[in-house]
Amino acid sequence: MLRRHQVDRTRHRLTHRRAAAAMALCLISLMGCATELGQKQIHFTTADWTFQGTIGSKLTSDHYVIYTTCKRKPFVQALPGFLETCHRAYVELLPADTMAAAPLPTYFFQRRAEWERFTREFSPGRADTYMRIRRGGFTERGVTVSHYSTQHSSLSILAHEGLHQFLAATGRDRIPAWINEGLACYFESFDLVNGRPVFDPRNNTLRAPALRKALAEASLIPLRHLLATNAGLAMHEKSQHVYSYYAQEWSLIHFLLHSPMNNPYHAGFRKLLDELGTEAMKRKTNAYLATDTDGTLSLGEAVFQAYVTDDFTQFEADYKKFIHELLDLKTF
């Protein structure tokens, strides 16, 4: 067991290094004011922008306006193309009837200290909660705010927060956290092919280790609690609980979208995505909430029952089996 663990860690380090090297080459190839991703060029404009005396840049594309103090020029020049490609992926999974009229604001800082100062000014009421985020960002009032850490993690965070922002911009932010956070985690993992992110949700090297640890320690969050909680509440728990929360949200969404030909829950979840945040979703959910005479059913549980299943015991068994397959564990 120890040897296998050491081999897994070595493979992870090599994979991460190769991915980082490939990413650096892809990002360098994207310099300039027109980024070609796939068959379409991403055009954007660049202007000066200053934050508390620090000179930065403002980059504006079709769907995003990026305010950044990041000094890594190739990386910064690649951001509009990266986010626009994320936007296409969001639209493909979650088609929207309405879109934001103006580009979506994204603040990306070079240093955490800048991020903290901005956060306390932008959201003084929630700043203390946001300060608990050690590596990440947040989305509030349709604005995403994050800071540089490494190339890979920075892009993963931008893709994660971008999904939250997209849902808000398309009027679908008032939805259970398990869907919102799970979908955001679904977009964290990708390969860069000619500078274009190709999403690969199954190989989420950020979430898989935490999921493996929770499984090994028999500390998986029970399904009902997972459906009822939210990221704000999770942030006040111990760090391992936070890691488990996001890892399980990722794996839950992946399970619901996994193997549609053999997955009895897939069709119902796809219907939920089609009706996400609509009056139809509210009506179906309210029908379940109306039967909750003791008032213990959460909104997240009601939505899950309305679209996926009300047999939590069977689902949890099927979900745990999927986790073992996802982590490539041979025994269950």
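Just a few scattered comments:
- Unmet criterion (only one of (1) buried (at least 21 other Cβ atoms within 10 Å of the Cβ); (2) part of a helix (DSSP H, G or I)) for Leu192: (2)
- Options Lys284, Lys271: the member that is assigned by TED's automatic domain parsing to the domain that holds Ala218, within 21 Å of the chain's Cα centre (by Cα) and among the basic types (Lys, Arg): Lys271
- Test: Ser154 is of a type in the set (Ser, Thr, Tyr), farther than 25 Å from His225 by Cβ and either surrounded by fewer than 16 Cβ atoms within 10 Å (Cβ to Cβ) or touching a residue at least 24 places away in the same chain (Cβ under 8 Å) (or both): yes
- Candidates Lys71, Lys58: the one that is of a type in the set (Lys, Arg), touching a strand residue (DSSP E or B) at 6+ places or on another chain (Cβ under 8 Å) and closer than 22 Å to Gln151 by Cα is Lys58.
- Some residue of the range 163-175 being polar (S, T, N, Q), more than 24 Å from Arg196 (Cβ to Cβ) and touching a residue at least 24 places away in the same chain (Cβ under 8 Å): no
- Checked against (1) farther than 14 Å from Gly162 by Cβ; (2) in contact with a Lys or Arg (Cβ under 6 Å, 6 or more places away or on another chain), Thr85 passes all but a single condition, namely (1).
- Pro264 vs. criteria in contact with a His (Cβ under 6 Å, 6 or more places away or on another chain) and not aromatic (Phe, Trp, Tyr): no
- Where a residue in the range 260-286 is in contact (Cβ under 8 Å) with a residue 40 or more places away in the chain and its partner, wherever it lies, is among the small types (Gly, Ala, Ser) and surrounded by fewer than 17 Cβ atoms within 10 Å (Cβ to Cβ), with Cβ under 7 Å and at least six apart: Gly277/Gly171
- Residue match in the range 161-168 (condition: in contact with a Phe, Trp or Tyr (Cβ under 7 Å, 6 or more places away or on another chain), more than 28 Å from Gln77 (Cβ to Cβ) and modelled with pLDDT of 95 or more): no
The values are calculated or read from the model by the stated rules, or taken from the named source; none is laboratory data. This is a predicted model, so every value here is computed, not measured. Because the Cβ atoms are built from the backbone with ideal geometry, glycine has one as well, and the counts that use them run over all protein chains shown.
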